[in-house]
Amino acid sequence: MKSERLRVNPIACEAHGLCAELLPERITLDEWGYPIVDPAPLSRELHREARRAVASCPTLALLLEQAASRRAA
Amino acid sequence: MSVPAPTRSGASAAPSLPRLLVGLAGGGRSAGLDAHLERYGAHGASHVRADLIGLLEESGLTGRGGAAFPVAVKMAAVASRSGRRVVVVNGAEGEPASGKDRALLRRLPHLVIDGAVLAASAVGAREVIVATGSGGQVEQAALAHAIGEREGRRLDGPVRTFAVAVPNSFVAGEETALVRFLNGGPAKPTFTPPRPFERGVGGAPTLVQNAETLANVALIARFGAGWFRSLGTEDEPGSVLVSLTGAVGRAGVYEVELGTTFEALLRQAEGATGPLQALLVGGFFGSWLEARTALSLRLLDADLAPYGAALGARAVVALPEGACGVVETARVAGYLARESAGQCGPCVHGLAAVARALGRLARRERDDRRGDLLRWLDLVRGRGACRHPDGAARFVASALDVFADEFSLHARGRCSGAGRLVLPVPKRQEAAA
C-alpha cells in the first residue's frame with residue numbers, strides 16, 4: 001500500500017471532534033475544537049484507525065491523501 | 001491612487017523604464033486603441049503566439065499578483081488540457097494598500113487585454129474574462145470602451161473578451177474565490193485541489209493571471225525575453241509596479257526595476273515627509289521592517305527573505321515617527337479578521353482572538369497577551385482553505401518584532417504615538433467594528 005497522510009478540509013470541518021478521539025496519535029484539537037493534524041505519512045499500524053476516523057467524520061472533512069501528492073500551480 | 005506622470009517619455013521602439021507606464025505620458029486619460037497601437041504596435045505576430053509559453057519561460061516572468069509563481073508553468077498546465085479553456089484577468093485588487101491594477105486597467109486597458117488575448121491563444125482559450133472590483137466604475141468604463149473598440153475592428157480573431165465586476169472584499173481576488181464567483185457562487189475560496197487550472201470557470205481549465213502580469217506578457221510578446229531581462233536580476237527579472245503610500249511626498253503607483261533600493265523608490269515619490277520608523281512591505285499580508293533596515297534593502301525577494309518578508313503585490317507603506325505601530329497593527333488585524341471569508345474555523349476564531357487582543361493592547365488596557373498572540377499565530381498558519389490566515393499571521397508577527405518596545409509601552413498603559421493614523425484601512429469596515 002502506498003503511504004498516505006491525513007488532511008482536513010477546513011471549510012467542511014465543523015469541529016465535531018470525533019477524529020481526535022479516534023486517532024489521538026495523529027490528531028489533537030485546538031482551543032476552538034478544530035483538529036490539528038500531523039501531516040507526516042501514516043505508519044502501517046495507524047492505517048486502520050485512520051480510515052475509521054475518516055469514515056466517522058460527520059461532515060466528511062477528514063481526508064486520506066497520497067503522501068507524495070504533487071504541488072499544484 | 002494616482003499615477004504620477006513618468007519622468008521619461010517612451011520611445012516608439014522597446015521602451016526602457018517606464019515600460020508598463022510608458023503609455024501614461026499623454027496625461028490622465030485612458031489610452032484609446034489608436035494611441036495604443038501607435039505606441040506599442042500590433043500585438044502578437046503569429047510566430048510569437050506559436051511559442052509564447054517558451055518565450056515567457058525564457059523571460060522568467062512571475063505572477064505579479066503577490067505569489068510570484070512562474071507564469072510559463074501555470075500557462076503550460078492549462079495548455080496541456082483539452083476542451084474548452086478560459087483566461088481570467090485578475091484585477092480585483094482587494095488589498096487596500098494597492099492601486100496598481102486599477103491604474104493599469106484605467107489607463108492602459110488595451111495593454112492588459114493584449115496580454116490576455118495572447119495568453120488565450122497560447123493556452124487554447126477563446127474566452128477572456130476581465131474581473132475588476134465592483135467599486136471601480138472608472139476601470140469598468142475604460143474596459144467597456146476598450147472591448148468595444150477591439151470588437152469593432154475584429155482585432156482579436158476568435159477570442160472574445162468580457163468584463164465582470166466582482167465584490168470588493170479582501171479575499172475576492174484569491175483565484176479560487178474569483179472562479180467560484182464567476183460560476184455563480186459567493187466570492188469565497190474553495191478547498192483545493194482542484195485548482196482553477198484543473199477545473200475553473202464552467203468546469204473548464206482556467207488560467208487566472210493578474211492584470212500587471214498580463215500587461216508584461218503583452219510587452220514580452222512584442223519585445224522579447226532578452227529585452228525583459230535587461231532590467232532586474234537573473235533570478236528576479238523585469239520591472240514592477242509599486243503602490244506607495246504613507247508618509248511620502250507623492251503617494252502613487254511607481255514602476256521600478258526589480259533590485260532598486262527602497263530608498264531610491266521613496267526618492268521617486270519626492271522622499272519621506274519626515275523621519276520614518278518603519279516600512280510595511282507587501283501590504284496587509286506583508287511584513288513590517290524597521291526603516292533603517294528597509295531603506296538600504298533592494299526590492300527583491302532575495303533581499304527580503306532573511307527578514308521573513310517578501311515583495312508580495314508590492315504595496316509599500318511608509319510609517320512616520322509619531323504614528324503608533326501598535327495602533328496601526330490593531331487596525332489592520334481587525335480588518336483582516338472581519339474580511340475572513342468565515343468558512344474555516346481556525347481563521348474565524350484565531351483571527352478574531354488576535355484582533356481582540358491587539359485591540360486591547362492598542363487601547364492600552366494593560367492586558368499584555370503577547371504570549372497568547374504568538375500561540376494563536378502558530379495555530380492559524382496553514383489551517384485555512386486559502387492563505388488568508390497565513391498572511392494575517394505574517395503581518396502581526398512582524399509587528400510584534402519590529403514594534404516590540406511600543407508593545408511594551410502599551411502593556412504599561414502608555415503610547416509614544418501622536419494619534420496620527422497612516423494605513424489605508426477601509427473606513428466602512430472600520431466603522432462597522
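The values are calculated or read from the model by the stated rules, or taken from the named source; none is laboratory data. The structure presented is a predicted model; accordingly, all values stated were derived computationally and were not measured. Ideal geometry is used to build each Cβ from the backbone, glycine not excepted, and the neighbour counts take in all protein chains shown. In case anyone asks, the SASA skips ligands and DNA or RNA and just uses the protein heavy atoms, side chains included. Shrake-Rupley method; radii C 1.70, N 1.55, O 1.52, S 1.80 Å.
Based on this model, can you work out whether B:Leu52 counts as closer than 28 Å to B:Thr233 by Cβ, away from every other protein chain (no Cβ under 14 Å) and modelled with pLDDT of 90 or more?
Here the answer is yes, as B:Leu52 does meet what is asked.
Does the stretch A:23-39 hold any residues that are away from chain B (no Cβ under 14 Å) and touching a residue at least 12 places away in the same chain (Cβ under 8 Å), and which are they?
Within the stretch A:23-39, A:Leu23, A:Glu25, A:Arg26 qualify.
Report the residue count in the stretch B:83-128 for those that are part of a strand (DSSP E or B), open to solvent by 10 Å² or more (accessible area, probe 1.4 Å) and closer than 14 Å to B:Ala211 by Cα.
Looking only at that region, the number is 1.
Here's a check for you: in the stretch B:141-153, which residue that is farther than 25 Å from B:Ala97 by Cα, part of a helix (DSSP H, G or I) and touching a residue at least 40 places away in the same chain (Cβ under 8 Å) is most open to solvent (accessible area, probe 1.4 Å)?
This residue is B:His145.
Of (1) part of a helix (DSSP H, G or I); (2) within 14 Å of chain A (Cβ to nearest Cβ), B:Cys386 satisfies all except one. Which?
Failing condition for B:Cys386: (1).
Does B:His349 satisfy the criteria of being open to solvent by less than 10 Å² (accessible area, probe 1.4 Å) and either under 30 Å from A:Asp38 (Cα atoms) or aromatic (Phe, Trp, Tyr) (or both)?
no
Mind checking which residues of the stretch A:1-22 are out of contact with any Lys or Arg (no Cβ under 8 Å at 6 or more places or on another chain), away from chain B (no Cβ under 14 Å) and either free of Cβ contacts under 8 Å to residues at least 60 places away in the same chain or not charged (D, E, K, R) (or both)?
Result: A:Ser3, A:Leu18, A:Glu21.
What number of residues in the stretch B:237-267 are in contact (Cβ under 8 Å) with a residue 60 or more places away in the chain and open to solvent by 30 Å² or more (accessible area, probe 1.4 Å)? Steps first, answer last, please.
First pass over the stretch B:237-267, keeping only residues in contact (Cβ under 8 Å) with a residue 60 or more places away in the chain: B:237-248, B:250-257.
Filter once more, keeping what is open to solvent by 30 Å² or more (accessible area, probe 1.4 Å): B:250-251, B:257.
Total satisfying the criteria: 3.
Among the residues of the stretch B:352-369, write down those that are open to solvent by less than 20 Å² (accessible area, probe 1.4 Å) and within 14 Å of chain A (Cβ to nearest Cβ).
The answer is B:Ala353, B:Val354, B:Ala357.
To keep it simple, each residue is scored yes or no on (1) closer than 28 Å to B:Leu21 by Cα; (2) within 20 Å of the chain's Cα centre (by Cα); (3) in a helix (DSSP H, G or I).
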site	(1), (2), (3)
B:Leu266	yes, yes, yes
B:Glu270	yes, no, no
B:Phe284	yes, yes, yes
B:Thr293	no, no, yes
B:Ala302	yes, yes, yes
B:Ala310	yes, yes, no
B:Val317	yes, yes, no
B:Ala330	no, no, yes
